[in-house]
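Beneath this line is the structure, given in structure tokens, with notes to follow.
None of the figures in this text is laboratory data; all of them are computed from the coordinates on show. Note that the structure is predicted; figures quoted are calculated from it, not measured.
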Amino acid sequence: MNWITNTLGTSIGKKLFMAVTGLGFIGFLAGHLAGNLTIYGGKDAFNGYAEHLHALGPLLTVAEIGLLTFAAIHVGVGIYLFFQNYAARPVRYAVNKTGGGRTIGSQTMPYTGILILLFIIFHLLNFHFVDKTHTTIFEIVANAFANPIYVMIYVAAMIVVAVHVSHGFWSAFQTIGANHPKYMPIIQVVGIVFSILVGIGFGFIPIYVSILA
Ligand code: HEM
């Protein structure tokens, strides 16, 4: 376990932990989106998907513990890096903030990150830590999105997730050493396409369900 503390002790090591856990979340998002799209197949398709997922039993528990560990590392190291960067530059320069390859995504990473953390707590309280006896997951989701405030919160959160992922995707690949001039432009395009898919794919679900409900 010594290698963990050694790696975390260096600057590049911290970035590596952010990159690996971030890539884990990208994988999770792709899987979660694919599963959630079954909602377009109707109530039975969505409930069937949830049942299959829960039938995994201990495997699902292992995946959940993995996600929680990744989240603790990603959030903990992210907050540490934010304060470290802040302390390193207490004086704000009057610079062109969008210059030097900086984008909205890269400049807002800590803020979109905190918003996503708040969203995930809200999201788990809505759909995960709920009494699932005498109801179905489709009913729980449909009841939530019958409320326009929930629809607005979810749509706004999906835009925030898409902005965070738009920078996180290529940044993670760059950190793990994939910054070859030949591959980086492709990785950047794939990152943008993936973040648009995440934003629209997840973001349209609450709207669709609210019209259905
Ligand atoms: C419209 C968008 C979304 C919908 C309708 C949705 C739906 C759901 C549902 C129904 C569950 C509960 C599954 C169950 O316990 O049976 C769930 C779990 C979860 N969702 Fe989402 N989700 C959405 C977006 C997101 C996003 C963008 C993230 C991450 C940024 C996310 C992260 C999670 C996590 C971490 C869990 C817990 C997984 C587990 O413990 O098995 N979800 N979601």
**Item:** If the convex hull is drawn through the Cα atoms of the range 1-96, its volume per residue in Å³
**Value:** 138 Å³
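Cα-Cα pairs above 30 Å in the chain: how many percent?
Details: 6821 of 22578 pairs.
The share of Cα pairs beyond 30 Å in the chain comes to 30 percent.
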**Request:** Sum -39500 (n - 2.57) across every DSSP H segment of at least 4 residues in the chain, then divide by the residue count to get the 222 nm mean residue ellipticity, nearest 500.
**Result:** -26500 deg cm²/dmol
**Request:** State which helices in the chain qualify, where a helix is a whole DSSP H run, it must extend 27 Å or more along its own axis by its Cα atoms, and its mean Kyte-Doolittle hydropathy must be at least -1.0.
**Result:** 11-36, 58-88, 148-175, 184-212
